Structure formats: C-alpha cells, structure tokens
1. If I ask for residues that are among the hydroxyl-bearing types (Ser, Thr, Tyr) and open to solvent by less than 50 Å² (accessible area, probe 1.4 Å), which ones from the stretch 172-205 would you list?
2. What about Ala312, is it out of contact with any strand residue (DSSP E or B) (no Cβ under 8 Å at 6 or more places or on another chain) and not polar (S, T, N, Q)?
3. Taking the residues in the stretch 279-315 that are part of a helix (DSSP H, G or I) and among the aliphatic types (A, V, I, L, M) as candidates, determine which candidate is farthest from Arg161 (Cα to Cα).
4. Out of (1) assigned by TED's automatic domain parsing to the domain that holds Val108; (2) within 12 Å of ligand 1 (Cβ to nearest atom); (3) open to solvent by 20 Å² or more (accessible area, probe 1.4 Å), what's the single condition that is false for Val5?
5. If we scan the stretch 40-48, do we find a residue that is modelled with pLDDT of 95 or more, open to solvent by 80 Å² or more (accessible area, probe 1.4 Å) and away from ligand 1 (no atom under 15 Å from the Cβ)?
6. Could you please give the count of residues in the stretch 135-154 that are open to solvent by less than 30 Å² (accessible area, probe 1.4 Å) and part of a helix (DSSP H, G or I)?
7. Of the residues Ala65, Ala59, only one is closer than 22 Å to Arg250 by Cβ and of a type outside the set (S, T, N, Q); which?
Amino acid sequence: MARPVLRGRNAELAAVATLLRRTADVRQGCVIRLRGEPGIGKSAMLHAVARHAAAAGFAVGFGKAEELDQISACAPLLVALRSGSKPLLDADTFAGLAPLHHQPVWLVDRIASLLDEISARSPVLIVVDDAQWADPVTRFALETLPTRLAEAPVVWLTASRDVGTESTGALDDIDRHEVVLGPLTGAELDALARDYLGGPAEGLTHRRLHALGGNPFLAVQLLSGVAAAPSAGSETEDIPPAFADAIDHRLRSLRPGTAELVELAAVWGRPLDLSDAAELLGGLSVVAITAQRREAHGRGLLAEDRDHVAFAHDLIREAVYETVPAAVRRALHMRCARYLVASGKGVVAAAPHARAAARPGDYEVVEILRGAACGIGRQADRRGAGQGRGIGNARRAPGRGKTGAAQGGGVEFCGYER
Ligand SMILES: Nc1ncnc2c1ncn2[C@@H]1O[C@H](COP(=O)(O)OP(=O)(O)OP(=O)(O)O)[C@@H](O)[C@H]1O
Ligand SMILES: [Mg+2]
C-alpha cells in the first residue's frame with residue numbers, strides 16, 4: 001500500500017506548518033514538542049512535517065533516539081546532521097566532529113556554529129524522534145542549542161511519549177510550543193477503515209476498531225490484519241495475526257518480570273489489584289509492581305490505572321492471553337485459583353480459573369469446582385435455577401470472546417463424581 005494518509009491530523013499539521021512559515025519569515029528559532037502515547041502517530045506526523053518542510057525550502061535533518069543505544073553520545077543529533085538525500089553536513093565536515101566525541105560541550109558548541117552557518121542560507125528543521133530515550137548529551141544539546149540559535153531560523157521538532165510530563169517552560173526567549181496528539185475520533189477511524197479495507201468496517205471488526213481507544217497503531221494493526229486474512233471482514237473471533245504479532249512484539253520488549261505481570265493480568269481477566277498482583281507474583285512489593293505497571297503502560301499495553309493492573313484495551317488482553325504458551329497459561333490459571341481460595345476471596349471466583357487449568361483426574365480442581373458448584377447451587381436454589389456441564393464441554397459465554405474463562409459467570413461443573 002502507498003504511504004498511508006494521515007487521518008485526523010489536519011489541525012496539528014496546519015499548526016506546525018504555520019510555525020515553520022513564521023520561523024522562515026521572521027528568521028527566529030522555535031521549539032515544537034510533540035507528545036502522545038505509544039502508537040498515537042508521532043513518528044508518522046514527524047515524517048509528514050519533514051516532507052512538508054523540505055518542500056517549503058527547509059534544510060531538514062531527521063534523527064531518532066534508540067532505547068537500547070544511549071551509549072553513543074549525541075547520536076540522534078549527529079544522525080540528523082547526516083540524514084537524508086541532502087544531508088545538512090558534507091562528509092568532511094561531519095568527520096571533523098569525530099575528535100570532539102568525548103568533549104560534549106565542545107561538540108555541541110561546534111554543532112551550534114555549523115547550524116548557524118547553514119541557517120544563513122536556508123531555514124533549518126531538526127527533528128529528533130523518540131526523544132524520551134535521548135542520551136544525556138542529546139538532551140543537553142536539545143536544551144541549549146535552541147537558545148543559542150534563537151536568532152536563527154531553526155525549528156527544533158521533537159517527539160516523545162512523555163504524555164504525563166508538562167513542559168518546564170524554560171526561562172528563555174525562544175518560542176516554545178507543545179502539540180499533544182489525542183485519539184482519533186470515530187469518524188476518523190471509519191475513514192481509516194475505508195483506507196485499509198476499501199469499504200467500511202463491519203460487525204466484529206467495526207466493534208473492535210472502535211474499542212481501541214482511537215489509537216492509530218492498534219487500529220492499523222487490526223485493519224491490516226483483517227485486510228490480509230482470507231476471511232477478512234467475516235465474524236471470526238480469531239485475533240488478526242498482524243495485531244497479535246504487534247502485541248507480542250511489545251510484550252517481548254518488556255523486562256521479564258514485567259512481562260510476567262502482564263501475562264498474569266491477562267490470565268486474571270479483570271483489573272488486578274496491585275496487592276493481589278504482588279501476592280500472586282511470589283510476594284513482590286507493591287512498589288515493584290507499580291514500577292512494572294508503569295513500564296507496561298509506557299509500551300501501550302496497560303492502562304493508566306494507578307490502583308490496578310488493567311489493560312489499555314480488551315483486545316490487547318485477548319492478544320496477550322493468546323500469546324501465553326498453553327502450559328504457562330494453565331499454570332497461571334491454577335495459581336489464580338489457589339490464590340482466590342487461599343485468600344478467602346471464594347471458590348466461586350476461583351472456579352473459572354480452575355476450569356481453565358483443569359486436566360482429567362486433577363482432584364484439586366475437582367474440589368474447587370465442587371465447592372463452587374455447591375455455592376452456586378445454593379444461590380440457584382434460592383433463585384430456582386441450577387447449572388452444570390462437563391470439562392471439555394466448556395463453551396464461550398456470549399460476547400466474552402475466547403479468553404473469557406476468568407471473567408466469572410456460570411461455573412461449568414466437571415462432572416466428576418466423588
Ligand atoms: N493519523 C493517522 N492516520 C493514519 N495512520 C496513522 C495515523 N497516525 C499513525 N498512523 C499509523 O499508525 C502506526 C503507528 O504510528 P506511529 O509509529 O507514528 O506512532 P508513534 O506515536 O510514533 O508510536 P511510538 O510511540 O511507538 O513511537 C503507523 O503505521 C502509522 O502509519
Ligand atoms: Mg514513533
């Protein structure tokens with residue numbers, strides 16, 4: 001597919017275009033900080049702005065900080081100076097910066113002089129993507145260079161995931177702006193669906209699309225998965241492989257302990273109290289769980305819920321659940337069942353987990369299910385209703401998808417007679 005059309009970003013693009021034009025006209029520097037949650041479209045917007053700026057006569061440098069490579073001091077900025085088909089610096093000038101590599105102050109000073117010279121010929125746009133991972137020298141450069149070059153037509157455009165961090169409002173004369181990217185609206189998601197599917201999203205795809213919090217990354221993964229699947233547009237409950245892969249990729253980028261927390265939460269099936277999570281993970285401290293929750297939130301997997309481990313969107317939970325190997329899933333369900341019984345939270349709550357962990361002949365599971373069936377039976381007697389079905393006969397409760405085992409609801413008694 002050709003370069004995707006950016007849906008729902010016209011106002012933001014127009015605002016940035018105005019700032020570029022003003023910088024070129026009044027020949028004064030400007031800082032634009034683009035912020036938003038993972039996958040909200042920051043990089044896509046940076047590329048659109050860079051293309052627009054190049055067409056408007058700006059000299060453009062585009063760099064990107066890497067999460068796992070904060071060792072090469074100032075790498076994002078240096079890359080920006082040598083990026084693209086028309087780099088800001090020629091090879092010799094760039095090589096001339098190498099001896100300053102271990103002298104950050106001199107390096108930044110030299111970059112300032114070079115940018116000053118370039119901006120005398122044409123306005124300049126310096127873009128640094130993923131600035132949340134910038135190394136200390138890049139941070140230092142991004143803090144000091146705009147002020148140093150305040151009287152030159154240089155636009156500093158950065159993107160970062162720091163949605164919670166407000167601008168510090170630096171005490172200088174430079175023109176500073178913040179652009180926060182929010183979720184796409186329903187109509188914008190419908191337009192995106194038409195881009196990928198050639199027509200409107202229908203049925204389950206439509207419902208899933210509109211339950212992703214307006215996040216373009218998740219929407220694009222879902223839609224491209226549906227478009228690629230042979231059964232595209234059908235009501236199959238299977239999670240589109242592209243979506244599952246994208247979630248798996250995010251999961252694998254977590255620290256092992258954090259991934260375990262996220263997998264546990266997927267198996268738990270509903271918002272998990274931090275203290276329950278701490279107990280279930282072998283007595284970790286709530287502080288440690290909070291740090292893990294924050295890490296997974298930063299990856300767009302968990303919601304911004306300070307009291308619980310909860311998923312950003314239910315489809316993400318389903319995708320994580322599907323990713324967990326069956327044996328691990330069973331073990332986690334069993335852990336949840338035991339914990340719910342041992343902590344006095346009730347066999348009825350434990351029963352769906354026990355059922356998901358069940359293997360024929362597992363008497364611990366039988367006991368939990370028997371206890372739950374008795375509890376439910378007593379409730380049902382009171383209400384004049386009863387229920388019971390066998391292991392292997394488990395059916396999805398309507399509307400709960402494949403992974404609804406832990407969502408509560410009716411207990412399907414395993415039929416063991418003891
Ligand atoms: N407004 C939009 N309209 C259509 N597609 C979009 C839009 N915004 C982003 N996308 C698509 O969504 C995906 C994710 O976007 P992008 O990589 O820009 O997000 P991001 O905010 O940079 O994420 P991260 O924080 O992980 O770097 C990309 O495939 C991009 O093309
Ligand atoms: Mg990005």
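1. Tyr196, Thr205
2. The answer is no for Ala312.
3. Among those that are part of a helix (DSSP H, G or I) and among the aliphatic types (A, V, I, L, M), it is Leu280.
4. Unmet for Val5, out of (1) assigned by TED's automatic domain parsing to the domain that holds Val108; (2) within 12 Å of ligand 1 (Cβ to nearest atom); (3) open to solvent by 20 Å² or more (accessible area, probe 1.4 Å): (1).
5. No - not one qualifying residue is present in the stretch 40-48.
6. Of the residues in that region, 5 qualify.
7. The unique qualifying residue is Ala65.
The values are calculated or read from the model by the stated rules, or taken from the named source; none is laboratory data. Bear in mind the structure is a predicted one, so any value in this text is a computation, not a measurement. Positions of Cβ are backbone-derived with ideal geometry, glycine not excepted, and every protein chain shown enters the neighbour counts. Ligands, DNA and RNA are stripped out before the accessible areas are found, and what is left, the full protein with its side chains, is counted by its heavy atoms. Shrake-Rupley method; radii C 1.70, N 1.55, O 1.52, S 1.80 Å.
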